[in-house]
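Okay, so here's the structure we're looking at.
Rule-based calculations on the coordinates, nothing more; no lab input. Not measured: the values here are computed from a predicted model. We place every Cβ from the backbone using ideal geometry, glycine too, and count neighbours over all the protein chains shown.
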Amino acid sequence: MRNPPVPARRPPPRASVRCAALATLLVLLLGAPPLVSALASDTHAPQGWLLAALAQAATMIVFALSYNLLLGETGLLSFGHAAPAGLGALVAAQCFNHYPVALPLLPFVGGLGGAVFGALTALVAARRAGTAFAMITLGLGELVAAAAWALPDWFGGEAGVAIDRASGPPLGGWTFGPDREAYGVIAAWCVLASVALFALTRTPFMRLVNAVRDNPVRAAALGCSPARVRAAMLVGSGFFAGVAGTLALINVELAASESVGIARSGAVLIATVTGGAASFLGPVLGALVWVAFSVGIASVTRAWMLYVGLFFVVVVLAAPDGLAGLALRQRELLARHGWRRCATLWAWAALAVAAALGALVPAVQWAYAVRFGDSYGDAGAGFAAMTSGVAGVLSAVLVGCGVVAAFAVRRVVLVMRAFEATEGRQ
């Protein structure tokens, strides 16, 4: 006699609470600033620049989380993750221009396009890992980038493929032409995709994916096929990358050929590693940091990419597990050593950061001002008109800030060694 089927177990309450907390956090992050801006405005409408920046943040959050399915969960380093995002946006744009598709459904269409590319990638790369997988994805990404210029009828050439948000079928009185209506779609899809990804990371299948990441030989000995697991993750990651690419399409109404290039793949890699691939919220934090650089700092100085590179190098050296891992380690130090000792460490670290910025930022802006002058109204344009005496004083100040930063870093190292010695005695 056959045993009765076992009913499906409900997810543990702890996971449900975390999922609800994540959704609440994203709703507050994406909804509170426009609401405050609208209440403070005479026209009772949020500022356009604020909606544009938050739309980029929402897009980058989904993009980084999709990339972390490969890097953090599966252990696959990809240098071509912009390809499924860009191709998903392109498929969505072509579909929107030729068929009556409602704009809120467009990210799902783009996700299908990204999933198809992920399946094609799995055919040639799922049996590989490590350096071989990274090189394959780099080659596929460059292949797609070359095709974007070689097939202008499909990719749109230099102009890309444009859409008109208001040309689609209206939904509930919304035409999605105004920025606030389009932003509502982007924010809703960001929350929906993030919650779906969080729920996916709490499934038994993801534990199997982690086993393939940690020890593929042992996983294969237990009857698991590492190639099939990697293929499934490539398809899933491609789907959410296509969703992210379509959200960018809705924001700017353009699927550009540059969106499949190596620069965008590098951006999502930097965002994910900076935030921390070992934590689910790490890519979210990294995406916000990337948007802060690419929108906030880029509006002040043209040297923002230099600052991104320096910040990335510092994070990799000082916190290999990213900003989220750094915050977790500081919380553990606080629990073991108390406020007083941790406050000393944080004070020296803050002094080191402040002194390093005091030496680095003026030096970079000075160099850019000498090189480019003030024709673009750069933040360092005033340095170009300095006299030799002022330049000498500034040089001495920069050297002094560098010395203070080095001394503070040394003190941080000594305090950390004292912490390690205390833990060793315990």
Separation between Cα centres of the stretch 225-288 and the stretch 308-344, rounded to whole Å: 25 Å
Relative contact order %, the stretch 112-186, counting alpha carbon pairs below 8 Å whose residues are six or more apart: 12 percent
Fluctuation leader among Leu310, Leu29, Leu65 - the chain, Gaussian network, Cα springs under 10 angstrom: Leu310
Estimated 222 nm signal from helices in the chain, with DSSP H stretches of n ≥ 4 weighted -39500 (n - 2.57), rounded to 500: -25000 deg cm²/dmol
Among Leu103, Leu254, Leu306: highest mean-square fluctuation, GNM of the chain, C-alpha pairs under 10 Å: Leu306
Inter-site label distance for Ala391 and Arg202 at 7 Å from Cα along Cβ, in nm: 6.1 nm
Alpha carbon centroid spacing (whole Å) that separates the stretch 28-65 from the stretch 118-192: 22 Å
Cα-projected label distance for Ala21 with Val353, points at 7 Å along beta-carbon direction, nm: 2.3 nm
Added length on full extension, which subtracts the Cα-Cα distance from 0.36 nm per residue, Val295 to Arg336: 10.9 nm
Theoretical gain in end-to-end length, Trp346 to Ala102 [0.36 nm per residue, Cα-Cα removed]: 82.7 nm
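How high is the relative contact order of the chain, given as a whole-number percent (alpha carbon pairs under 8 Å, six or more residues apart)? Walk me through the numbers on the way to the answer.
Numbers: 590 pairs, mean separation 89.0, N = 426.
Normalised by residue count, the contact order of the chain is 21 percent.
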Option label - volume of the Cα convex hull per residue in Å³ computed here, alternatives (i) 225; (ii) 120; (iii) 144: (i)
Sorted by Cβ neighbour density within 10 Å, fewest at the top, the residues Phe311, Phe63: Phe311, Phe63
Segment Ala188-Met305, extension gain: residue separation times 0.36 nm, minus the distance between their alpha carbons: 39.1 nm
Relative exposure of Thr272, Thr137, Thr201, Thr175, judged by other C-beta atoms within 10 Å (fewest first): Thr175, Thr201, Thr137, Thr272
Residues Val284, Val217, Val353 arranged by fewest to most Cβ contacts within 10 Å: Val217, Val353, Val284
Highest-fluctuation residue, Gly141, Gly157, Gly88 considered, GNM on the chain with Cα pairs under 10 Å: Gly157
